[in-house]
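Chemist: Quick one: structure below, then a few questions.
The values are calculated or read from the model by the stated rules, or taken from the named source; none is laboratory data. Bear in mind that the values here come from a model prediction, so they are computed numbers and not experimental data. Here Cβ is always computed from backbone atoms with ideal geometry, including for glycine, and neighbour counts include all displayed protein chains.
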Number of protein chains: 2
Amino acid sequence: MNVLLVFAHPEPRSLNGALKDFALQRLRAQGHQVEVSDLYAMGWKAVLDGADFPARDAHAPLDTVGDSLQAYQSGTLTADVLAEHAKLRRADVLILQFPLWWFSLPAILKGWIDRVWACGFAYGVGEHSATHWGDRYGEGTFRGKRAMLMVTAGGWESHYAARGVNGPIDDILFPIQHGMLYYPGFAVLSPFVVYHTSRLDAARFAQTTATLGARLDALASTPPIPFRPQNGGDYTIPALALREDLAAGRSGFGVHVEG
Amino acid sequence: MNVLLVFAHPEPRSLNGALKDFALQRLRAQGHQVEVSDLYAMGWKAVLDGADFPARDAHAPLDTVGDSLQAYQSGTLTADVLAEHAKLRRADVLILQFPLWWFSLPAILKGWIDRVWACGFAYGVGEHSATHWGDRYGEGTFRGKRAMLMVTAGGWESHYAARGVNGPIDDILFPIQHGMLYYPGFAVLSPFVVYHTSRLDAARFAQTTATLGARLDALASTPPIPFRPQNGGDYTIPALALREDLAAGRSGFGVHVEG
């Protein structure tokens, strides 16, 4: 398979750097073609602004949606964004690797999403009708591709448990896994998460890479998180509310996962 | 009161720009002192990297936590970050205003958090013992201050309802409101959210500013979201799991709100 690993840590000589090196070696040993977008090494521009749409009318107010669509359709997005689009089109699997900073993506990786997920490419795709509300949440440009998060967290695993003070890790990652990855069509695998990173000795590192290796070996066969497709009948249109008979009486992120 | 408004939209001639102008006028008319950090106008550096800690040993691996603490304690953080710290210390109320991009902060605002929330300032504060796990989640540097989000979203309100396809807005904002704001001590007011922004005509704009004005007038008196304090007895230490008799049998973000 073709694997694209997007790496968002500023220090190569870090736990994240070591896990990235391990992952690349393992994936290549399995015969995969691997591309890496090392955002810090690339000096990735994090901030979406008017310079992202060089063909736009510079006197008109910036329209972050309309200008993005126009630039995407006319092929005038910037070269750095177009290069990521080409990598994404080649990829069968996308891995986003990052340290969890303030319960979310580091800014440089959020900025990769903000800029690369162009209108017409990752959103604003497909028709809107009485039975179909755009190609998203199970449809879209990335349909047929898989994605997985590789995350490190300073806190303890119990702090991210179902009743831990930080909130459950599945819920913390929902805006990323469901909102940024499933939305444009990826099938999302369960995340690989390393906790309590300040206390990771050689034994735990060996254990961690063993687990990671097994996850990487199973990239093609692991069943994805069964998020509910938007246009398959589970949601009313256009309200996009989950049908009352599904996960009856419940609410929250969890109802958007089948079973 | 002193109000700090952090604004994260690239276009002043936008709905967000108009709402910002309205808010500033209203707050000043009420007699408040208002400071604005207009991140795009300031050219805010979004990406946390080694340059944020100019006194560090440039040959050693970057330690995003340790180098941050050392720079904070020695007063060697960069001037842009120190200026934000001074504004935050003066502020009684912090308002973060942004468009919801991919169910999270725009990268420039995430980078404001990543860089301004230094170790020793916004985290890594207080003692860790058998009864106290750091000054956080209800304690910390910002205790006694209030915070509120002002958010615009393209999607419909029903898409963000309890069973809407995007997930409930309270849960989408939990990593920000609980993880970024309550964690370092802010009392967090309910967010002000505008939905379906592409269809906002003059009548809805008037309605929107009327509601916003009322929210701004009540900044000092609005009861904050009753997030549970970490060190008040609701959580076991050090596991930081919610006590079994509280919100018994439930899990998810909602259990961290009292009542």
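Chemist: Could you check A:ARG163 against (1) within 27 Å of A:VAL36 (Cβ to Cβ); (2) touching a helix residue (DSSP H, G or I) at 6+ places or on another chain (Cβ under 9 Å) and say which number it fails?
Modeler: Every listed condition holds for A:ARG163 apart from (1).
Chemist: Of (1) over 30 Å from B:HIS59 (Cβ atoms); (2) modelled with pLDDT of 95 or more, A:LEU39 satisfies all except one. Which?
Modeler: Answer for A:LEU39: the failing condition is (1).
Chemist: Among the residues of region A:105-133, which ones are without any contact (Cβ under 8 Å) to a residue 40 or more places away in the chain and at positive phi?
Modeler: Passing the criteria: only A:GLY126.
Chemist: While we're on this one: Could you grab me the full set of residues in region A:59-80 that are under 19 Å from B:THR197 (Cα atoms), touching a helix residue (DSSP H, G or I) at 6+ places or on another chain (Cβ under 8 Å) and not hydroxyl-bearing (Ser, Thr, Tyr)?
Modeler: Residues satisfying the conditions are A:LEU62, A:VAL65, A:ASP67.
Chemist: Restricting attention to region A:39-84, report how many residues are within 18 Å of A:LYS110 (Cα to Cα) and within 13 Å of chain B (Cβ to nearest Cβ).
Modeler: 17
Chemist: Within region B:92-106, count every residue that is farther than 14 Å from B:VAL6 by Cα, touching a Pro at 6+ places or on another chain (Cβ under 6 Å) and either more than 8 Å from chain A (Cβ to nearest Cβ) or in a strand (DSSP E or B) (or both). Full working, then the answer.
Modeler: The initial filter retains those residues of region B:92-106 that are farther than 14 Å from B:VAL6 by Cα, namely B:100-104.
From what is left, the residues that are touching a Pro at 6+ places or on another chain (Cβ under 6 Å) are B:103-104.
If we keep only those that are either more than 8 Å from chain A (Cβ to nearest Cβ) or in a strand (DSSP E or B) (or both) as well, we get B:104.
So the count comes out to 1.
Chemist: For region A:197-226, name all the residues that are charged (D, E, K, R) and not in a helix (DSSP H, G or I).
Modeler: The initial filter retains those residues of region A:197-226 that are charged (D, E, K, R), namely A:199, A:201, A:204, A:215, A:217.
Within region A:197-226, A:ASP201 is the sole residue that qualifies.
Chemist: Please work out which residue is surrounded by the fewest Cβ atoms within 10 Å (Cβ to Cβ), limiting yourself to region B:218-239 and to residues that are within 26 Å of A:HIS196 (Cβ to Cβ) and either basic (Lys, Arg) or under 22 Å from the mean Cα position of the chain (by Cα) (or both).
Modeler: Per the stated criteria, the residue is B:PRO229.
Chemist: Something else about it: Assess whether A:ARG215 counts as being within 23 Å of the chain's Cα centre (by Cα), within 25 Å of A:LEU149 (Cα to Cα) and at the interface with chain B (Cβ under 10 Å from one of its Cβ atoms). Walk me through it before giving the result.
Modeler: Numbers: within 23 Å of the chain's Cα centre (by Cα): yes; within 25 Å of A:LEU149 (Cα to Cα): yes; at the interface with chain B (Cβ under 10 Å from one of its Cβ atoms): no.
No.
Chemist: Now, a different point. Output the number of residues of region A:184-212 satisfying the condition of being under 19 Å from A:GLY144 (Cα atoms) and either out of contact with any Phe, Trp or Tyr (no Cβ under 6 Å at 6 or more places or on another chain) or surrounded by fewer than 18 Cβ atoms within 10 Å (Cβ to Cβ) (or both).
Modeler: First pass over region A:184-212, keeping only residues under 19 Å from A:GLY144 (Cα atoms): A:184-191.
So of that shortlist, the ones also either out of contact with any Phe, Trp or Tyr (no Cβ under 6 Å at 6 or more places or on another chain) or surrounded by fewer than 18 Cβ atoms within 10 Å (Cβ to Cβ) (or both) come out as A:187, A:189-191.
Residues that pass the stated criteria total 4.
Chemist: Here's a follow-up. Scan B:ALA130, B:ALA162 and give me the residue that is over 21 Å from the mean Cα position of the chain (by Cα), modelled with pLDDT under 95, part of a loop (DSSP other than H, G, I, E, B) and surrounded by fewer than 22 Cβ atoms within 10 Å (Cβ to Cβ).
Modeler: Values: B:ALA162 fails: modelled with pLDDT under 95.
Answer to the check: B:ALA130.
Chemist: When you check A:GLY154 against the structure, is it without any contact (Cβ under 8 Å) to a residue 60 or more places away in the chain, in a loop (DSSP other than H, G, I, E, B) and over 30 Å from B:GLY138 (Cα atoms), yes or no?
Modeler: Details: without any contact (Cβ under 8 Å) to a residue 60 or more places away in the chain: yes; in a loop (DSSP other than H, G, I, E, B): yes; over 30 Å from B:GLY138 (Cα atoms): no.
Spelling it out, it is not the case that A:GLY154 is without any contact (Cβ under 8 Å) to a residue 60 or more places away in the chain, in a loop (DSSP other than H, G, I, E, B) and over 30 Å from B:GLY138 (Cα atoms).
Chemist: With respect to A:ARG89, determine if the residue is under 17 Å from the mean Cα position of the chain (by Cα) and either without any contact (Cβ under 8 Å) to a residue 24 or more places away in the chain or over 28 Å from A:VAL151 (Cβ atoms) (or both).
Modeler: On the way: under 17 Å from the mean Cα position of the chain (by Cα): yes; either without any contact (Cβ under 8 Å) to a residue 24 or more places away in the chain or over 28 Å from A:VAL151 (Cβ atoms) (or both): yes.
Judged against the criteria, A:ARG89 is a match.
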